[in-house]
Structures are given as C-alpha cells and as structure tokens.
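Trainee: Provided herewith is a single structure, encoded as structure tokens, for subsequent inquiry.
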Amino acid sequence: MDSDRRKILRFIGKGSVLAAFLGQIGAAGRAFYPNVLYEPPSRFKLKRPNDYPDGYTFVEAHRLFVIRQKEAFHVISAICTHLGCTVQWKDTEFDCPCHGSRFLPDGTVISGPAPRPLDWFATTVSPDGFLEVDSASDVARDFRLLVGKGKA
Amino acid sequence: MGDKIKALWRKTLWAWSPESERESSESIVKNFWLHWFPAKVARASMDWNYSFWLGTASASLLMILTVTGVMLMFYYVPSTERAYGSIKDLEYAVSFGRLLRNQHRWAAEGMVAVVYIHMARVFFTGAYRGTRAINWVVGVILFLATLLLSFTGYLLPWDQLAFWAITVGTSIAKQAPVVGPTIQFILLGGHEIGQQTLLRFYVLHVFFLPVFVLVLFAYHMWRVRKDGGLAAIEGVRHERAMAPKATPKTKSYSLFGITPGTSVQVMSSTGLEESDQVFSSPNMSRRIALVFLVVFNITLLAALLFNAPLEGLANPSVTPNPAKAPWYFVWLQELVASTTVRMGGFTVSGALLGGILLPGFLLAVLSLWPFIDRSSLRTEGRWLAPERRRQNVTFALATLAIIVLIVVGVYLRGPYWRIYWPGQPRPEMPRLY
Amino acid sequence: MAEIGNKNESFEAKDFGWLVAMSVLFFVLVVVGFWFEFSTDWGAYQREFPQLLSHYGKVEDARDFREGIKQIWIPKIGVTDRCITCHLGYEWSSVLPATIAEPLKPHPMNDWLAKHEFERFGCTPCHGGDGSATTLAGSHQGGKGWEDPMLSRALAERNGLTMNEMMQMRCNFCHRHDAATPGMEEINLAKHLIIKKKCLICHAVEGRGGNTGPELTYEGDKNPELLSFAHVNGERTMFNWNVQHLTQASVVSPNTQMPDFNMKPEESRALTLLLLSWRRLPYPPEYIPDPEVAAAAMQPSPASSATPAPAATPIAR
C-alpha cells in the first residue's frame, strides 16, 4: 500500500510544510527587527561655544556635560558605565545616584561598581558655529576642542 | 544514531500519525490537542459535499486572524496622531508588514463571507432542529461577533474610510429608540469621534470581541459533540433504526441445559454501527490540516496579489465622495439610504427603519427560526429537502436580496450615492492641482 | 446522501494527493512572499550607490554604506521622509556631479539650501509627496484619496508653471508673513497684487478685511468638491478653478459680486499659488522666519526685479 512513490510524495509534502513553516517563523522574527528608528541621531548640535560658562554644564536633553576651560571644550557623557543611570556633578566629582559609583572630574572611576570611566564624546564646531557632538565616537582623555575667540 | 532519532521522533509525534487502530483510539485520549475530538467520527460527517467543511474553514480563519492580529499589535499605535503613521510603517518600513496587514485584512473579509455561507449550509440542510437549536443561536451570535470584529478593526487605521464608517455606524446606533443616544455616547466615549473612540474600538477589537468569540467558539464545538455530531448522521441513524439487525443468537444455561434464544443488546449511543464510522485520528485530523492549509494558502495568495486599502488621513471636515461602508455593510447602507418613510407630516428615519428595525427584525427571525420552523424532523441533515422548500426559498431570497444590494452598493453607486451603470461615465471628482 | 459509507473507501487515499499539493503550494507561496519582500524598489539603487561613491573617490564612505531604509525624522513638524532611501546622493553635491541620473543625483546647491538644512526640514515640506512611502508610485503619487502629490516637473507643467515656481507655494507655508522673500518671485508678485487689487476690501484674511466675499485665511484647505466646475474649461482642479476665477470671476461664478480683474495668466497663476499656500500647518515658531529679515534681504535690489517689493508696508498674512 505504501508504495515508494507515495513515500517520496509524503516526504515532499512534509518537507514543504516544515520549510514553509520555518520560513513563516523567520519572516515573523524578521518583522520584529525594526528597519527604521524613531530616535534622535547620535550626531547632534548643542548651543554655540560661547553660550556655555566656564566649568561643568549639564545638558539634560542629551545627558552629557559640556566642560569649558577658557577656550578649551570637551564633552563627557553623564551615563554611568555601570547600568546607565545619570550621574550628577558634585563640585569635585561625579556621583551616581543608583549604585553609588564615583568618578573623578575627568570621568575616571574612584569607587563603586562602575567598570569603566565615563565616555568622552568627539566634539567639533559645525560650519554654522554650533558645538556638534558625536555620541557614537569615543575620544581619548586628553581631547580638547580649542575655540578661538574670533570663531565663536 | 539515525534510528534513535527516528525512535524519538516517533515517540513524540505518534499521536498525529497512528499506525494501528489501537494507536488511533489512544491518540485521542493521550494527546492534549486531539482530546477534544471524539474517538470516532461518522463517515457521513466527513463528506465534503455535505458540510463543505465551512466551520473548519471559519475556525482556520479565526486562527490566522489571531496570529496575524497579534503580530500587527507590535507595531500599531492606538493614538489618533500615530495610528495612521504606524499603518504606513507597516506598509513601507516593516519587513513583511504589508503582507501581514494584507493577510489580516483579506482573512477578516473572508471570515465574514465564510461564516455566513456556513450558516447558509446549516440552514439548507435543516441542521438546526431539536437540541441543535441552541447551537444555531450560538452560531448567529458568533456571526454577529464576526461582523463587529470586522467593523471595529475597520476604524483602527484612522484613515478617511475608517473615520466616516464610524461616523455612519454610530449614527445608526443613535437612532435606536430610547437607549440610542446613550449607546452612541458610550461607544464614542464622548459626543464626537476622537482619541477615546479609537481607544475603545481598539480594546474591543483586540481583547473583548476576540475573547468573546473564542469562548463562544469553544462552546459551539462542545455543543456539536453533545448533539451527537453533524446532522448528517441523522439520516444514517434513521436508516439503522428502520432496519434493526436481527439480535445475535445466544445461548443461555438453564437448569435443563443449554437453551437457544436471544438476549438484550446494547446499541451504541449514537445509533451508528462500526462500519458507519472511522477513527478521528488520523482521518479527521488529516482533513482538518488540509482545510487549514487550503484556507491559509488562499489568504496568503490574496495577500500577495492585492493590497489592503488605505485612504488618506482621517479628515473630519471633508467627507469622501462617495463614502462607502465595507462591502458586508454596504447592503445596510443601501437600506438606510432608501427606507426613510414620509406619511403626511410623519417621518420615520431610514437610519431607524433600515439601520435598526429591519436588521433587528432579520436577526430576531434568524435567531428564533428553529423555534418557528415546523417542518418534519425527517428533513434533518438533508440538503434542500423538498419538504422544506418554502423555508429554503425564503432564506435564499433574503440572501439574494442582500447580495443584490451589496452589488448595487459596491459597483453601481458613485459620487453623491447616485447609480452609475457599467459603461456610464462617472463625473471626475475635482483635485487640488 | 442516503447511501451509507462505502466501507472500503479510504480517507487517506482521498486526501493524500491534495495534502501534498497544498503543502507544496504553501511552500511556494512563502517563497514568493520572501521574493516580494526582498525585491524592493530601492534595492538596486542602494547596490549602485557605494560603487558611485568610490568611483568619485569616497572609498571610505562607500565602505561604510549600509543598505536599508533611510529616513529623516523630524517629530516637531511631523516629517518622516524616506525619500533618501532611493535619492541617496542628496547631500553629496560637493562630490557627485549633477549629471548623474535620478534618483542618485545630488540635490542642487541652491542659495536657500544653507538655511533649510535637510536635517531640519526633510524633503516633503518643500517637494510634497508621501514621505513615509518606500515605493516609486506610493511616494510620488500617494495612495487613494491622497491630496498632496509630489510637485513634479510634469505636474507643474500641467498647470503652466515650472517646478521651481510651483514649489514657491510651499515656501510660503512658513514665509507667509514676509512682505516679499528673495527667490520667491511668484509669491512676491501675488502679495503685491493682493495690495494692488485691494482684495482685503471684500475678503478677510487672518481677521482683517471685509466680509463681502468669503474668508480666505485657510483657502488652501478648502474641499475642491465644493467648487462649481460648470463654467471652468480644462482640468477639474482647484488650481485651474482659481486661475480662471481670478481672471474672469463672472464667467466661472455667474452670480458672484467679484469683479472681473482680467489679470494676465501669469498674474492669476501667481495669486492661485498664494491662495493655495494658505493652509493650517504644523510648523512651530522656530520655523517661521522673521519678516524683517526677508525685508532686509530684499532691500539691496529693489529695482532689479519686476516685483517692486514695498518692504516698508508689511502685509500681515
């Protein structure tokens, strides 16, 4: 009764359903992976350099600090490297409210669970004169953006 | 190694392809997914030409709609500001999003049609008599719930079609005597269509109505079993009862030795014989799989070939011309457009007559039909029994009238709801530039 | 129906062939589904683009290029523009020559582009069309009931204008309150005509003016169906209606009180552009230019153009 031809057909049928079903699962999985993001871009503009006073200025919207030392600028992330809470500037150090990590003014860890120092973001002055930050690219600790008086 | 895998495969999945009668009957008892089927099913019930397996097709559509619907929920945002954009995202930016939405849409429209044809089949076979009357009423409620599911789903894209369908739909509800305005107020969550309305219809569409349908569907299935299966078996059962088999000869041991004679025989509860039945597993489970595959393939093919409609963003200040309801409601739109009655100074609104009283009357007659019908019980489970000609013609004419109204509404109605015959040029609607 | 099951009939024999056929069809349809999904309108352009970049020396950028849907998202003005999924060269005018064919052609470096950055404006505020679409037809024409088609060259020509002139209508979405704006000759002419023909004697705009004629504050949002086209020649568009109505109102609307201005065609077209630009729009204050800036920019060349812009008399609209 179960001839060879029937066996082959049964194999083809079951194989097709299995393959098609896996295809459907794959398609569903692919659908979960978003193709477009509704997020701010990682590269964004802040105010003009001269709008920032000397010292540490917290920029709430982008969770970072703009640090000005006369004409030298650098930008440190306010995102704790432990679990992502926002650290606060306490005159001489950064303190994290979540799990007590403490950082030096340059972002180096003093104590607490944070595994890495705070990130430093690449910063430039855009052609139209605004501070431009690229939060996707890290820079070394000696990075300084020098803004001449005439430029800013 | 290969043998071991084969053995494990067999150990897990034997219930789906039993190889002996013993496995067939045990699979029903031991497999959770099969346990709600009877161990055996009448050959008459399996017949393609009796039921066309429309109930199974409806259930398949419900399953497809549930799965695709849950997938759509991951991207849809029920907010008046973002709903339309999220549909555009599904159309253009989500992988397989357009296919998903298309399949959901066509399966939904297919379900309205299939559930109705299923109901027509039950009517034409007179399969709603006796204890089955309850299941008929349950079925009518399920049909109504299917329509409501379609209607609530219609609003969600927040396009022109959605907005004006809801405007017309809830205005009809408002015409109901006494409670109308309250019903409309509750449905809209206010006096005008807005964020509250969208959220209400969303929750109805994705939670209340589906849960209601699933629970009622389970009850519908359970009742089919309690009623002994499809009405198709009634004819067989009757035939068996008419021609009782000679009770088998027995021997009794009396004081005086062996006495030939007959004894009491236990008939099966269904009144069917061994030869009238087959094992549900794998015969019925295989056929259910086949029906599901056919239905899935048809909806997938439709989804590949045709895009689900999407009009411009909802605009409360511009009514599309003509503003047409979905096809399964177009006959109602035809009715409300033409049943306003004026007698002297007295006016009955078409919305009340054609939108509430007439459909309400049809629904009431439909629900109560098994209790009105006085035809012979002998016609049960027989297609177009001559004794039921009057009933069948009535149902067919009502269906035909609805189909005619749908065809008129869908194909002949043009701008300002005027009739345009095929070939007759329709006025070109003005554009911006 | 009455015949009772043939004992020997086997349901397996009946269903087997169908089951195999439907299984294979299921597989085929899923394959077709995948094929549809991956044969996009934009795929070929995205494969071509990095080659183009490296051909013009941008090897690194070509290497960093990632295929996929690209979009400019500006929630403030409700813009989600995926035009750049195909129009990939848009911001590369310094590298790519303007002779490259669409859609990879770079956006021309116009004078106004410096002040209307892509990341602040996107594409559709100026060009129209459906920014969310990623298909050729969907993005350029939009779907059924879509009233905002892309302002293409062909569309502009149908209305007797160039694309640049047609697009000035959309410039005026934000520049509505400029008395005159550099580069917007059509709209400047129209704003001049509004004063010259004393439209506000009969019509109210933004709360100022008479009430003999209908209010025109949001004229661009009006439903074209509400206009009578019985006496309009040519296309049944709101644009055409306005052009002919401004030329000879008594012909288009026989019962109107509006006088026949007998404007030149270019004048009535310019005025129509202005009227259609008056819409309800989502632009926040930072997008609305200071009228005085435009006035100052117009000062140096008051005599050079045919539109003497009276910068000192701002007409608020």
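The values are calculated or read from the model by the stated rules, or taken from the named source; none is laboratory data. Bear in mind that the values here come from a model prediction, so they are computed numbers and not experimental data. For neighbour counting, all protein chains shown are included, and Cβ atoms are generated from backbone atoms with ideal geometry for every residue, glycine included. Surface areas here come from the heavy atoms of the whole protein model, side chains and all, with no ligands, DNA or RNA. Shrake-Rupley method; radii C 1.70, N 1.55, O 1.52, S 1.80 Å.
Trainee: Under a 1.4 angstrom probe, counting protein chains only, how are A:58, B:279 ranked by accessible area, largest first?
Mentor: Working: A:58 90, B:279 40 Å².
In descending accessible area the options line up as A:58, B:279.
Trainee: Further, regarding this structure: Mind checking the mean number of beta-carbon atoms from other chains within 10 Å of the Cβ atoms in C:216-225? Don't jump to the answer; show the numbers that get you there.
Mentor: Details: counts 0, 0, 0, 0, 1, 4, 3, 7, 6, 9.
Mean shielding count: 3.
Trainee: State to the nearest 20 debye the size of the charge dipole of the stretch C:158-298 about its Cα centre, where the only charges are +1 on K and R beta carbons and -1 on D and E beta carbons.
Mentor: So the dipole magnitude of the stretch C:158-298 works out to roughly 280 debye.
Trainee: For residue B:144 paired with residue A:93, estimate the spin-label separation in nm (one decimal), with each label point 7 Å from Cα along the Cα-to-Cβ line.
Mentor: 7.1 nm
Trainee: Now for a different question. What figure, in Å² to the nearest 10, do you get for the accessible area of residue B:118 with a 1.4 Å probe and non-protein molecules left out?
Mentor: Around 40 Å² of this residue is reachable by solvent.
Trainee: To the nearest 10 degrees, how steeply does helix A:4-32 sit against the main Cα axis of chain A, on a 0 to 90 scale?
Mentor: It is inclined by approximately 20 degrees.
Trainee: Right, here's the next one. How would the protein assembly as shown be classified by its alpha-carbon gyration tensor: rounded, prolate or oblate, with rounded meaning a/c under 1.5 and the a/b versus b/c comparison settling the rest? Before the final figure, lay out each step's value.
Mentor: Working: a/c = 2.68, a/b = 1.58, b/c = 1.69.
Note, shape of the protein assembly as shown comes out oblate.
Trainee: By its C-alpha gyration tensor, with a ≥ b ≥ c as the square roots of the eigenvalues, how is the stretch B:294-433 shaped: rounded for a/c under 1.5, else prolate for a/b larger than b/c, else oblate?
Mentor: Oblate is the answer for the stretch B:294-433, as a/c is 1.5 or above yet b/c matches or exceeds a/b.
Trainee: Determine the shielding of peptide C:30-42 by partner chains: average, over its residues, the number of Cβ atoms on other chains within 10 angstrom of each Cβ. Please report the intermediate quantities before stating the final value.
Mentor: Details: counts 12, 3, 4, 11, 6, 1, 5, 8, 1, 0, 1, 0, 0.
Per-residue shielding by partner chains comes out at 4.
Trainee: Going from most exposed to least, what order do B:14, B:48 have by accessible area with a 1.4 Å probe?
Mentor: Sorted descending by solvent-accessible area, the residues read B:48, B:14.
Trainee: Suppose all protein chains stay in the model; what accessible area per residue would a 1.4 Å probe give for the protein assembly as shown, in Å²?
Mentor: Counting only protein heavy atoms, the per-residue value for the protein assembly as shown is 53 Å².
Trainee: If the limit is 26 Å between Cα atoms, which of A:45/C:76; C:105/C:222; A:47/C:105; C:144/C:191; C:115/C:222; A:14/B:226 go over it?
Mentor: In this structure, C:105/C:222; A:47/C:105; C:144/C:191; C:115/C:222; A:14/B:226 exceed 26 Å between Cα atoms.
Trainee: Here's a follow-up. Ignoring ligands, DNA and RNA, how do B:378, C:82, C:236 rank by accessible area with a 1.4 Å probe, largest first?
Mentor: Numbers: B:378 135, C:82 5, C:236 80 Å².
My answer, sorted largest first, is B:378, C:236, C:82.
Trainee: Report Rg/Rh for the stretch C:132-191, rounded to two decimals, where Rg is the Cα radius of gyration and Rh the Kirkwood radius.
Mentor: A ratio of 1.06.
Trainee: I'd like the accessible area for residue C:55, computed on protein heavy atoms only with a 1.4 Å probe and all protein chains in place. Round to 10 Å², please.
Mentor: Rounded to the nearest 10, the figure is 140 Å².
Trainee: Right, next: Give the C-B buried accessible area in Å², both sides summed, 1.4 Å probe, nearest 100. Walk me through the intermediate numbers first.
Mentor: Details: alone 19350 and 25340 Å², together 40320 Å².
Roughly 4400 Å².
Trainee: I've got another one for you. Please report the buried accessible area for the interface of C with A, total over both chains, probe 1.4 Å, in Å² to the nearest 100.
Mentor: The summed interface area works out to 1600 Å².
Trainee: So, one more: Using the beta-carbon distance between residue A:71 and residue A:43 and R0 = 35 Å, what value does 1/(1 + (r/R0)^6) give for FRET efficiency, to the nearest 0.05? Numbers along the way, then the final one.
Mentor: Details: r = 23 Å, r/R0 = 0.66.
Between residue A:71 and residue A:43 the formula returns 0.90.
Trainee: While we're here: Within chain C, which DSSP H helices have Cα atoms that stretch 15 Å or more along the helix axis and a mean Kyte-Doolittle hydropathy of at least 0.5?
Mentor: Counting only whole DSSP H runs, the qualifying helices are C:11-38.
Trainee: Rounded to the nearest percent, how much of the accessible area of the protein assembly as shown (1.4 Å probe, protein heavy atoms only) is carbon and sulfur?
Mentor: 63 percent
Trainee: Also: Starting from 0 in steps of 10 Å, tell me what percent of the Cα-Cα pairs of the stretch C:158-298 lands in each bin.
Mentor: For the stretch C:158-298, the binned pair fractions read 11, 42, 36, 10, 1 percent.
Trainee: Treating only the Cα positions of chain B as identical point scatterers, give the base-10 log of I(q)/I(0) from the Debye formula at each q in 0.07, 0.12 Å⁻¹.
Mentor: Normalising to I(0) and taking log10 leaves -0.46, -1.14.
Trainee: For the protein assembly as shown, with only Lys/Arg (+1) and Asp/Glu (-1) charged at the beta-carbon, what is the dipole magnitude about the Cα centre, in debye rounded to 20? Intermediate values should be presented prior to the final figure.
Mentor: On the way: 89 positive and 78 negative charges, 642 e Å.
My answer is approximately 3080 debye.
Trainee: As a test of the formula, what do you get for chain B when each DSSP H run with n ≥ 4 contributes -39,500 (n - 2.57) and the sum is divided by the residue count, at 222 nm and rounded to the nearest 500 deg cm²/dmol?
Mentor: For chain B, the value works out to -18500 deg cm²/dmol.
Trainee: On to the next question. Any idea what diffusion coefficient the stretch A:43-146 gets from Stokes-Einstein, in µm²/s, Kirkwood Rh on alpha carbon pairs, 20 °C, 1.002 mPa s?
Mentor: It diffuses with D of about 156 µm²/s by this estimate.
Trainee: Right, here's the next one. Describe numerically, in nm with one decimal, the distance between label points set 7 Å from Cα along Cα→Cβ at residue C:157 and at residue C:60.
Mentor: The answer from the label model is 4.3 nm.
Trainee: List the residue ranges in chain B for DSSP H helices whose C-alpha atoms run 30 angstrom or more along the long axis and whose Kyte-Doolittle average is 1.6 or above.
Mentor: B:132-155
Trainee: So how exposed is residue A:39, as accessible area in Å² (1.4 Å probe, rounded to 10)?
Mentor: 110 Å²
Trainee: Report the percentage of all Cα-Cα pairs in chain C whose separation exceeds 27 Å, rounded to a whole percent.
Mentor: Value for chain C (Cα pairs over 27 Å): 56 percent.
Trainee: What aspartates and glutamates sit close enough to residue A:90 to cross-link, taking a C-alpha to C-alpha distance under 14 Å and skipping anything fewer than 8 places away on the same chain?
Mentor: Excluding near neighbours in sequence, the set is A:106.
Trainee: Averaged across A:16-28, how many Cβ atoms of other chains sit within 10 Å of each residue's Cβ atom?
Mentor: Partner Cβ neighbours, averaged per residue: 6.
Trainee: For chain B, what relative contact order do you get, as a whole percent, if you take Cα pairs closer than 8 Å and at least 6 residues apart?
Mentor: Contact order relative to length: 23 percent.
Trainee: Rank A:29, A:16, A:40 by how far each Cα sits towards the positive end of the charge dipole of the stretch A:14-152 (+1 on Lys, Arg Cβ; -1 on Asp, Glu Cβ) and give me just the farthest.
Mentor: It is A:16.
Trainee: Would you please put B:410-423, B:386-399 in order of how densely packed they are, using the mean number of other Cβ atoms within 10 angstrom per residue and starting with the highest?
Mentor: Going by the mean number of other Cβ atoms within 10 Å, highest first, we get B:386-399, B:410-423.
Trainee: By the gyration tensor of its Cα atoms, with a ≥ b ≥ c the square roots of the eigenvalues, what is the shape of the stretch C:170-228: rounded for a/c under 1.5, prolate for a/b over b/c, or oblate?
Mentor: Oblate is the answer for the stretch C:170-228, as a/c is 1.5 or above yet b/c matches or exceeds a/b.
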